[in-house]
Amino acid sequence: MAPRRDAGLYVSSASVTDALFAELVHVFDTAQDFPEFPPWTGFIHPVPDSEWALGEQPAEIYARHRQTRFPEYLAKPVVVLDEQTARDKSVLVLSPLLTDDGVFVLHGVRFDARKVPGAAVNLSISNQELDDYYDVQFNGFGTVDGEGSKI
């Protein structure tokens with residue numbers, strides 16, 4: 001069996017405190033969408049030596065992740081704790097989407113932290129795409145800018 005590859009977690013804002021970071025990692029490790037399925041403990045975890053992500057835009061984080069951390073980590077999704085995370089604890093999830101023209105375009109959707117593990121697993125196995133989450137309200141899911149637009 002091939003070794004498990006996990007989703008990379010980055011912090012792009014100094015406003016994300018150590019306490020908030022620890023809280024959200026704990027949520028990622030313990031959240032369950034359905035009681036009959038165990039939590040995905042350790043599936044989303046911090047990428048070592050990723051301090052470079054502070055102050056970077058999501059597209060830069062994703063591009064550098066793909067260049068330097070794939071195939072050690074999954075190519076999709078990438079999870080980012082950013083300035084908005086520090087304000088409302090929502091989490092940015094990044095994943096490319098294939099357009100009708102055959103071009104991959106990076107998209108991002110904000111999630112309630114409890115919903116990130118299930119979505120990350122579905123995205124990693126291509127069971128769902130990020131645009132499947134656009135129309136759901138922020139009580140479980142939300143969009144980058146409220147419009148579901150590309151980032």
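The values are calculated or read from the model by the stated rules, or taken from the named source; none is laboratory data. Since this is a predicted model, take the numbers as computed values, not measurements. For neighbour counting, all protein chains shown are included, and Cβ atoms are generated from backbone atoms with ideal geometry for every residue, glycine included. Note: accessible area is taken over every heavy atom of the protein model, side chains too, but ligands, DNA and RNA are not part of it. Shrake-Rupley method; radii C 1.70, N 1.55, O 1.52, S 1.80 Å.
Being in contact with a Leu (Cβ under 8 Å, 6 or more places away or on another chain), assigned to a helix (DSSP H, G or I) and over 22 Å from GLU129 (Cβ atoms) narrows it down to one residue among ALA14, ALA86; which is it?
Working: ALA14 fails: assigned to a helix (DSSP H, G or I).
The conditions single out ALA86.
Checking the condition modelled with pLDDT of 95 or more, touching a Lys or Arg at 6+ places or on another chain (Cβ under 9 Å), open to solvent by less than 30 Å² (accessible area, probe 1.4 Å) and not acidic (Asp, Glu), which residue from VAL80, VAL47, VAL16 passes?
Only one candidate passes the filter, namely VAL47.
Quick one: is VAL27 part of a helix (DSSP H, G or I) and in contact (Cβ under 8 Å) with a residue 60 or more places away in the chain?
Considered against the rule, which asks whether it is part of a helix (DSSP H, G or I) and in contact (Cβ under 8 Å) with a residue 60 or more places away in the chain, VAL27 comes out as yes.
Being modelled with pLDDT under 85, in a strand (DSSP E or B) and aliphatic (A, V, I, L, M) is true for just one of LEU106, LEU92, LEU97. Which residue is that? Working first, answer last.
Numbers: LEU106 fails: modelled with pLDDT under 85; LEU92 fails: modelled with pLDDT under 85.
Residue meeting the stated conditions: LEU97.
Per the listing ASP29, ASP33, the residue uniquely out of contact with any His (no Cβ under 6 Å at 6 or more places or on another chain) and open to solvent by 50 Å² or more (accessible area, probe 1.4 Å) is ASP33.
Take the conditions under 24 Å from THR30 (Cα atoms), assigned to a helix (DSSP H, G or I) and of a type in the set (Ser, Thr, Tyr) and apply them to THR68. Does it pass? Here the answer is no, as THR68 does not meet what is asked.
Modelled with pLDDT of 95 or more, open to solvent by 40 Å² or more (accessible area, probe 1.4 Å) and in contact with an Asp or Glu (Cβ under 9 Å, 6 or more places away or on another chain): which single residue out of ARG64, ARG5 fits that description? Outline the logic, then answer.
On the way: ARG5 fails: modelled with pLDDT of 95 or more.
Going through ARG64, ARG5 in turn, the sole match is ARG64.
Going by what's in this entry, would ALA53 be described as more than 11 Å from TYR10 (Cβ to Cβ) and open to solvent by less than 60 Å² (accessible area, probe 1.4 Å)?
Working: more than 11 Å from TYR10 (Cβ to Cβ): no; open to solvent by less than 60 Å² (accessible area, probe 1.4 Å): yes.
In short, no.
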